[in-house]
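Some notes on the structure that comes next.
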Amino acid sequence: MSDEQEIRNLFDDWIKSTTEGNLELAHKCIADDALFFVPGVGANTMDKKTFAEAAAGVSPEESPIEFDLDSKIRELKVLGNYAYLWVESTLVMSPKNGDTASEMQGHSLSILEKRDGRWQIFRDANTLTTVSE
């Protein structure tokens, strides 16, 4: 399998882990020393544990919110044992109690590293922010 296909499979697993609340799968996608840069979080960084728990910590059945995530790869480039992935996403969060849904849109730029024969997210900058109504 090509590196590009392995990265596409990693991306699919990452989306699956976040939409299904699969924390174990999320951890497999992320390097132990990964850093995530997200708007509005302290010094704007989160580590592997914090980000994985925020992204995939609750199963869909347990969550009071229904998540609809649409993420598309816009660019993928492999450079030896490193690669980058530019993704465009829209996330709609609909409270199960019928309250008004909210929407977030933005881009992420992930740097991946191939370690011990498998690709993992090493750095990630995410600009997903709330869409004004």
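The values are calculated or read from the model by the stated rules, or taken from the named source; none is laboratory data. Keep in mind that this is a model prediction, so the values were computed, not measured. Ideal geometry is used to build each Cβ from the backbone, glycine not excepted, and the neighbour counts take in all protein chains shown.
Okay, here's what the table says:
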| quantity | calculated |
| --- | --- |
| Number of the exception - MET46 against (1) closer than 16 Å to LEU109 by Cβ; (2) in contact (Cβ under 8 Å) with a residue 40 or more places away in the chain; (3) buried (at least 17 other Cβ atoms within 10 Å of the Cβ); (4) not small (Gly, Ala, Ser) | (2) |
| Among residues of segment 97-119, those that are of a type outside the set (A, V, I, L, M), in contact (Cβ under 8 Å) with a residue 24 or more places away in the chain and crowded, with 19+ Cβ neighbours inside 10 Å, counted | 2 |
| Identity of the residue in segment 11-36, touching a Leu at 6+ places or on another chain (Cβ under 7 Å) and either farther than 23 Å from ILE65 by Cα or in contact (Cβ under 8 Å) with a residue 40 or more places away in the chain (or both), that ends up surrounded by the most Cβ atoms within 10 Å (Cβ to Cβ) | CYS29 |
| Matching residues in segment 36-73 - criterion: being touching a helix residue (DSSP H, G or I) at 6+ places or on another chain (Cβ under 7 Å), under 17 Å from LYS16 (Cα atoms), modelled with pLDDT of 75 or more and hydrophobic (A, V, I, L, M, F, W, C) | PHE67, LEU69, ILE73 |
| Extreme residue, nearest to the chain's Cα centre (by Cα), among residues of segment 74-120 that are at pLDDT below 95 and of a type in the set (A, V, I, L, M, F, W, C) | LEU91 |
| Scan of segment 66-96 for residues that are within 29 Å of MET1 (Cα to Cα), surrounded by 13 or more Cβ atoms within 10 Å (Cβ to Cβ) and not β-branched (Val, Ile, Thr), ordered by number | LEU69, SER71, LEU76, TYR82, ALA83, TYR84, LEU85, TRP86, GLU88, SER89 |
| Residues of segment 90-118 classified as out of contact with any strand residue (DSSP E or B) (no Cβ under 6 Å at 6 or more places or on another chain) and assigned to a strand (DSSP E or B), total | 3 |
